[in-house]
Amino acid sequence: MRRVPNQAVSMLNGVFRGLADPTRRAVLERLSSGPAPATELARPFKMALPSFLQHLDVLEDCGLVTSRKLGRVRTYKLAPRPLRLAECWLEKQRASWDRRLDQLDTYLMNIKEEKS
């Protein structure tokens, strides 16, 4: 089995940390339709702006979003590359489990045939 480089493992861990919270997932979903300022992103959530900004900091730290400040307005944009890394990892896991379930199915069919 090929090992994933430490940098990729670290990035993958960060992606899942970013995705672990429903508020952050909602922000990512909103940003999938285009960039938005922090105040607009915060509007649907019932929390103080500084608390919400902590969520944006987590997303930026793990590379899921980037931000740019123009004057007093900080605008956030989705950064899809880390999501692709997670998607690839999940696809490998899915392939592994599909293979294992196929093997289990074959085994169970063989047992059933032997009992018949």
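Projecting the Cα positions of L12, F45, W89 onto the charge dipole of the chain (unit charges on Cβ atoms of Lys, Arg, Asp and Glu, taken about the Cα centre) puts F45 furthest along the positive direction. Across segment 94-110, coupling constants 3J(HN,Hα) worked out from phi with the 6.51/-1.76/1.60 Karplus curve, θ = phi - 60°, read 4, 4, 4, 5, 4, 4, 5, 5, 5, 5, 5, 4, 4, 4, 5, 5, 5 Hz, and Gly and Pro carry x. For every other residue with a beta carbon closer than 13 angstrom to the beta carbon of A38, add +1 if it is Lys or Arg and -1 if Asp or Glu, then tell me the sum. Around A38, the charge tally is +4.
Applying 1/(1 + (r/R0)^6) with R0 = 30 Å to the Cβ-Cβ distance of Q7 and R43, what FRET efficiency is obtained, to the nearest 0.05? Given R0 = 30 Å and the Cβ-Cβ separation, E is 0.25. Residue-wise HN-Hα couplings along segment 51-61, as the Karplus relation 6.51 cos²θ - 1.76 cosθ + 1.60 with θ = phi - 60° gives them from phi, are 5, 5, 4, 5, 5, 5, 4, 4, 4, 6, 4 Hz; Gly and Pro carry x.
Using the Cβ-Cβ distance between W97 and T66 with R0 = 35 Å, the FRET efficiency computed as 1/(1 + (r/R0)^6) comes to roughly 0.55. For segment 6-115, the average shadow cast by the Cα convex hull is 10.0 nm², which is a quarter of the hull's surface.
Residues whose amide H lies under 5 Å from that of V65, counting only those 5 or more places away or on a different chain, are E60, A79; hydrogens are built 1.01 Å from N in the peptide plane.
For n ≥ 4 DSSP H runs only, could you compute -39500 (n - 2.57) per run for the chain, divide by its residues and tell me the 222 nm figure to the nearest 500? Rounded to the nearest 500, the figure is -22000 deg cm²/dmol.
Rule-based calculations on the coordinates, nothing more; no lab input. Note that this is a predicted model, so its numbers are computed, not measured. Ideal geometry is used to build each Cβ from the backbone, glycine not excepted, and the neighbour counts take in all protein chains shown.
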